[in-house]
Amino acid sequence: MTLPTNSTGWTAIFKPYREEPVIGWGEHGYALIVDPSTGRRIDVHELPDHEFCNLERDKAACTTVLPADGWQAVFTDEEGRALHVPLLAWLFTATGRSTPVIADADGSAIDPRELGNFLQVWHPSNPVSSPIPLVPAHLKESN
């Protein structure tokens, strides 16, 4: 999971969902990132298995971490069945951007949207689906 804390002030956005900090600019003016699998500096258009979408200006690093009370990341297993994994927390920036967080098999905090079998973020109070919130519902209710 990448938090917007890079020195250039820019983040590269990819599909399927992924964010990588921009570490500089190439000789042709393209943003450069570090390929996480090789550690090699690459042009944003060269990230394997991801399509470069756009650059976003970093406005603030993570400013708040809130518990994800009941929220779940939904994945598909090998047979196509839904697998629910509880979210540990929501990370928020000063601009309202939210990032769901789960623990991987090693116990590291990761964004579930970066995994290939990710389907959605869901809350049991909404039986169909739940969008990723801009502000958690329990904070809206308390204001």
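Below is a table of values for the structure above.
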{"item": "Whole-percent carbon and sulfur share, accessible surface of region 14-92, 1.4 Å", "result": "52"}
{"item": "Sparse-neighbour loop sites [GluC sites (Glu not before Pro); region 18-62; at most 16 other C-beta within 10 Å; DSSP]", "result": "27"}
{"item": "Gyration tensor verdict on region 13-64 (Cα atoms; rounded if a/c is under 1.5, prolate if a/b is larger than b/c, oblate otherwise)", "result": "prolate"}
{"item": "Environment charge of residue 53, counting only residues whose C-beta is closer than 13 Å and scoring Lys/Arg +1, Asp/Glu -1", "result": "-2"}
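The values are calculated or read from the model by the stated rules, or taken from the named source; none is laboratory data. Keep in mind it's a predicted model, so treat the numbers as computed, not measured. All Cβ positions, even for glycine, are placed from backbone atoms using ideal geometry, and neighbour counts span all protein chains on display. Surface accessibility is based on the protein's heavy atoms, side chains included, excluding ligands, DNA and RNA. Shrake-Rupley method; radii C 1.70, N 1.55, O 1.52, S 1.80 Å.
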